[in-house]
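K.L.:
The structure's right below; bear with me while I get my questions together.
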Amino acid sequence: MYNKLTILIPCYNEEKGIGRVIDGVPLQLLKRLRLKTEIIVINNNSTDKTAQIALEKKVRVIDEVKKGKGHAIIAGFNAVSMDTTYIVMLDGDNTYKSKEILRLIEPLMNDFCHVVIGSRLGGKMRKNSLKVQNRIVNWGYTFLVRYFYQANVTDVLSGYFAWRKEVIDDLKKYLDAEGFEIEMDMITKMKRLGYLMYSVPITYDERAGETKISALSDGIRVLRTFFKNLNWSPKKKKRNVPTFGLERIYSIFNSN
Ligand SMILES: Nc1nc2c(ncn2[C@@H]2O[C@H](COP(=O)(O)OP(=O)(O)OP(=O)(O)O)[C@@H](O)[C@H]2O)c(=O)[nH]1
Ligand SMILES: [Mg+2]
């Protein structure tokens, strides 16, 4: 029996990286693990050859016209097929390595946890990949999220995630981030929803193509989301996701 894995790649003008991200997906290895893979590129108003390159590589391309990474990710979640078991998200700029995808999926396949986050701070950062100021901000935000949310993450601004699909079915209705605050919104809400999250070390490489992030305005949006979600709790408590019996034990040590 095969399980389906859906890989989401949000892209705004990523013609320099998208081809390499798609080519890096280890399809044969995934097949040996009995995973059938679908790649979806979410094209967010690109004016370059991003969509064309993705189509040439025979992957599915969907368009999201509302600007911002948050909108792109949510459009991707809504496009995931019903028969999917695992969902992965990574950027289209070839900073995160699609060939490292197994490291993120293995804990899900083993029923170890519900969510896996690729950690750059706990991993291997190549030269010129994460600027010093971004690294410091990331450390600070990660500390705040660990302390105030008691979330077990080591890189809260990472763009490499893997989930069991049930988590996304639950989470997506609560997300309201439009831009680069999407990761903070997801992590803080997943914690409040009680999902088990773990981090794995990953490689972070120098970006292909132009950066789209603004350190100051996007940094402030991320911080605003951190504060906004401190008082957030889900309206509906009932969820349809396996707990492996660990959630109860985990909550004893992490009561908040
Ligand atoms: N800025 C922006 N990025 C988008 C949008 N939609 C999707 N993205 C994608 O979101 C991902 C992350 O954006 P990046 O510019 O790489 O931001 P970053 O990874 O935080 O920073 P650098 O890699 O250092 O530039 C990329 O794959 C973008 O193409 C959008 O509307 N605006
Ligand atoms: Mg990037």
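K.L.:
Report ³J(HN,Hα) in whole Hz for each residue of region 55-61, in order, from the Karplus equation J = 6.51 cos²θ - 1.76 cosθ + 1.60 where θ = phi - 60°; Gly and Pro get x.
P.N.:
5, 4, 8, 6, 9, 7, 10
K.L.:
I've got another one for you. Nearest 500 deg cm²/dmol is fine: what mean residue ellipticity at 222 nm does the chain get from its DSSP H runs of n ≥ 4 alone, each adding -39,500 (n - 2.57), divided by its residue count? Walk me through the numbers on the way to the answer.
P.N.:
Working: 10 runs with 99 residues, N = 256.
The helix contribution divided over the chain gives -11500 deg cm²/dmol.
K.L.:
From the square roots a ≥ b ≥ c of the eigenvalues of the alpha-carbon gyration tensor of region 3-251, which class results: rounded (a/c under 1.5), prolate (a/b over b/c), or oblate? Walk me through the intermediate numbers first.
P.N.:
Details: a/c = 1.43, a/b = 1.14, b/c = 1.25.
Rounded is the answer for region 3-251, as its axis ratio a/c remains below 1.5.
K.L.:
Would you mind ranking Ile18, Ile136 by Cβ crowding within 10 Å, fewest neighbours first?
P.N.:
Details: Ile18 31, Ile136 11.
Arranged by neighbour count, lowest to highest, Ile18, Ile136 become Ile136, Ile18.
K.L.:
Could you tell me which of rounded, prolate or oblate describes region 96-163, using a ≥ b ≥ c as the square roots of the eigenvalues of the alpha-carbon gyration tensor, with rounded for a/c under 1.5 and, failing that, prolate when a/b is larger than b/c and oblate otherwise?
P.N.:
Details: a/c = 3.21, a/b = 1.25, b/c = 2.57.
The shape class here is oblate.
K.L.:
Can you tell me what share of the DSSP beta bridges in region 3-251 is antiparallel? A percent to the nearest 5 is fine. List each step's numbers first, then the result.
P.N.:
Numbers: 8 of 33 bridges.
Percent antiparallel among DSSP bridges in region 3-251 is about 25.
K.L.:
Let me ask you something else. DSSP loop (so not H, G, I, E, B), at most 13 other Cβ within 10 Å: list which trypsin sites (Lys or Arg not before Pro) in region 109-193 pass both filters. It would help to have the intermediate numbers written out before the result.
P.N.:
On the way: sites: Arg120, Lys124, Arg126, Lys127, Lys131, Arg135, Arg146, Arg164, Lys165, Lys172, Lys173, Lys189, Lys191, Arg192; in loops: Arg126, Lys127, Lys131.
Of the trypsin sites (Lys or Arg not before Pro), the ones in loops of region 109-193 whose Cβ has at most 13 other Cβ atoms within 10 Å are Arg126, Lys127, Lys131.
K.L.:
Let me ask something additional. Could you give the distance between the Cα centres of region 1-76 and region 120-141, to the whole Å?
P.N.:
Centre-to-centre (Cα) distance: 25 Å.
K.L.:
List the lysines whose Cα sits under 16 Å from the Cα of Lys235, skipping any in the same chain fewer than 8 residues away.
P.N.:
Lys172, Lys173, Lys189, Lys191
K.L.:
Also, quick follow-up: List every DSSP H helix in the chain whose Cα atoms extend 20 Å or more along the helix's own long axis and whose mean Kyte-Doolittle hydropathy is at least -0.5. Show your work: numbers first, answer last.
P.N.:
Details: long enough: 132-149 (25 Å, 0.06).
Helix filter hits for the chain: 132-149.
K.L.:
Please order Met186, Met125 by the number of other Cβ within 10 Å, starting at the fewest.
P.N.:
Values: Met186 27, Met125 16.
Listing Met186, Met125 from fewest to most nearby Cβ atoms yields Met125, Met186.
K.L.:
Collect residues whose amide H, placed 1.01 Å from N in the peptide plane, falls under 5 Å from the amide H of Asn152; neighbours closer than 5 in sequence don't count.
P.N.:
For Asn152, whose amide H was placed from the backbone, the distant partners under 5 Å are Met197.
Any read-out appearing in this document is the output of simple, stated calculations on the displayed coordinates, not a laboratory observation. The structure displayed is predicted, hence computed values, not measured ones. All Cβ positions, glycine included, derive from the backbone under ideal geometry; neighbour counts span all protein chains shown.
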